[in-house]
Amino acid sequence: MSRKFKTYYVSGINGDDCNNGEAPETAFGSLDRINNLELNPGDRVLLERGSVFENQYLHIKGKGTRSDRIEIGAYGEGTMPCIHSNGTGIWYQDYGAPLDSPSHVYKGEVSSALLLYDVEYILVHDLIITNSSPYTTMEEYAAPHKMDRTGIAVVAKNGGTLHDITIRDVWVHDVTGNVYNKHMNNGGIYMTALTPDNEEKTGVARYDGITVENCTVWRVSRWGIAVGYTYQHQKFSGVELDEETFRKYGHENIIIRNCYVSQAGGDAITPMYSLEPLTEHNIADSCAKEMNDSVYRYPEDRMGKVAAAIWPWKCKNARFCYNEVTDTRLNQDGMAYDADSGDGTLYEYNYSRSNEGGCIMFCMEEAVHNIFRKNISYDDLGGIISPACNPDALVTENEFYMRREVPLIRESMQDGTVTLKNNKITIIKEDGK
């Protein structure tokens, strides 16, 4: 006999935790009732529109199946339900090993408004999420050991390969995380893979099937959207990356599309350790806004002020198309796009404007077989192209609209190799005409 799927209703307007939560008329009153449940395939958790869940968080337990996904969404009419976690929802993150740089923090407490820990076959949609903290001085805001915070944190650890995680039509804003910690679950939407307790039994922790689409991420620190730093990072050292390495240790079927990231403290959108990830039709605006001396004050040994907008890290055949990036703030990077230490990155049909660090960087000795073609750069600053120690890159059939005083090659990054072919350069005046 088949199991009957359950729908749990939660209302911050007229709910009560003494209810059974099984109908809108008998909705739970708080998210705590959901946090105490183990969800089964096909179950739904629906929050009433217009509800505000103050000082609460949602940490989901359970797994769906390919045919019966778990769903976290909304019901009723009005504005999307809001989860204002305000530093609650604290859990302990530990990669289980140091990261690829000793400067990166890899363990500590994290506050997450929504946490999916070893959850798969799940759809999350139609929520508003914040995770802010009050502060009165910039010294307090920029404290070097401030707790990491996330709007939405996704973690793979003891479930082997996690499948089919979709986050759609979610608005994450005002997440005041730690500006220095790049690879904790720290920012708007951040997904990671941690060392399993018993990898021989459960398998490598990784993702196969992540979709983040139609989401707005605004005023978050540090990252906007990141998928998915891994404890297996050492498997991806070297220049030409083997596909089988990704199928065993990395991530597959990663899609980030139709998202808007504005005023991220650091980077905007980054797929990581992924085979053929697709990043398309996204907009990044005014990001890297905290990569400056006024905010980035106390890094200790955590390296410098480095951030770009939309770029991959250690991916193979990553594709970026129809994205737009404007007004990325100046830092040691500060460009719209960056092919960083990956193999076969393709940027095609993208647009950039007024980015203070330029348009495109090809970064470091392990950035190979990268192509930048049929893109438009308008009034980018600082130097349009940044070849930074890369052995090769093809820049072809692009249109660069440049101020006369802005160099095509960034003066501080001329130690890489770039082939320029069939590009159109048009000089514009400072007023943009």
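The values are calculated or read from the model by the stated rules, or taken from the named source; none is laboratory data. This is a predicted model, so every value here is computed, not measured. So basically every Cβ, Gly included, is an ideal-geometry build from the backbone, and we count neighbours across all protein chains shown. Protein only, heavy atoms only, side chains kept; ligands, DNA and RNA dropped before computing areas. Shrake-Rupley method; radii C 1.70, N 1.55, O 1.52, S 1.80 Å.
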Run the reach check for K424 against lysines, Cα to Cα strictly under 28 Å, same-chain hits fewer than 8 apart removed. What comes back? K374, K433
Hz values of 3J(HN,Hα) by residue in segment 265-276 - Karplus curve (6.51, -1.76, 1.60), Gly and Pro given as x: x, x, 6, 8, 9, 8, x, 9, 6, 10, 8, 6
Given a 10 angstrom Cα cut-off, can you work out which residue in C389, C82, C215 is the most mobile in a GNM of the chain? C389
Quantify, in whole percent, the carbon and sulfur part of the accessible surface of segment 42-148 (1.4 Å probe; protein heavy atoms only). 52
Which value, in debye to the nearest 20, gives the size of the charge dipole of the chain about its Cα centre, when Lys and Arg are +1 and Asp and Glu are -1 at the Cβ? 300
Roughly how much of D100 is accessible, in Å² to the nearest 10, using a 1.4 Å probe? 70
Taking the chain as a Gaussian network, Cα atoms linked when under 10 Å apart, which of T195, T150, T326 shows the biggest mean-square fluctuation? T195
Name the lysines eligible as straight-distance cross-link partners of K305: C-alpha to C-alpha under 28 Å, and not fewer than 8 places from it in the same chain. K107, K146, K182, K235, K289, K314, K316
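How big is the dipole moment of segment 1-140 about its Cα centre under a simple scheme where the beta carbon of each Lys and Arg is +1, that of each Asp and Glu is -1, and everything else is neutral? Debye, nearest 20, please. Each step should come with its number before you reach the end.
Working: 11 positive and 20 negative charges, 114 e Å.
Approximately 540 debye in magnitude.
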Order by protection proxy (mean Cβ within 10 Å, highest first), peptides 53-60, 106-113, 333-340, 269-276: 333-340, 269-276, 106-113, 53-60
Take the eigenvalues of the Cα gyration tensor for segment 143-279, scale each by 5, and report the square roots as semi-axes in whole Å, largest first. 24, 17, 14
Stretchable slack from D293 to T26, in nm (0.36 nm times residue separation minus alpha-carbon distance): 90.9 nm
Could you please report the charge total around R373, scoring K, R as +1 and D, E as -1 over all other residues with beta-carbon less than 13 angstrom from its beta-carbon? +1
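Could you work out what % of the accessible surface of segment 337-380 is carbon and sulfur, using a 1.4 angstrom probe and leaving DNA, RNA and ligands out of the count?
Details: 610 of 1160 Å².
About 52 percent, which is the carbon plus sulfur part of the accessible surface.
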Please work out which option in [x] 23.4, 70; [y] 21.7, 74; [z] 21.2, 67 gives Rg and Dmax of the Cα atoms in Å calculated from these coordinates, and answer with its label. [y]
At a probe size of 1.4 Å, how large is the accessible area of W218, to the nearest 10 Å²? 70
Compute the signed sum of charges (Lys and Arg +1, Asp and Glu -1) over the other residues within less than 10 Å, Cβ to Cβ, of Y347. +1
Suppose only helical runs count, i.e. DSSP H with n ≥ 4. What mean residue ellipticity at 222 nm does that imply for the chain under -39500 (n - 2.57) per run, divided by all residues and rounded to the nearest 500 deg cm²/dmol? -1000 deg cm²/dmol
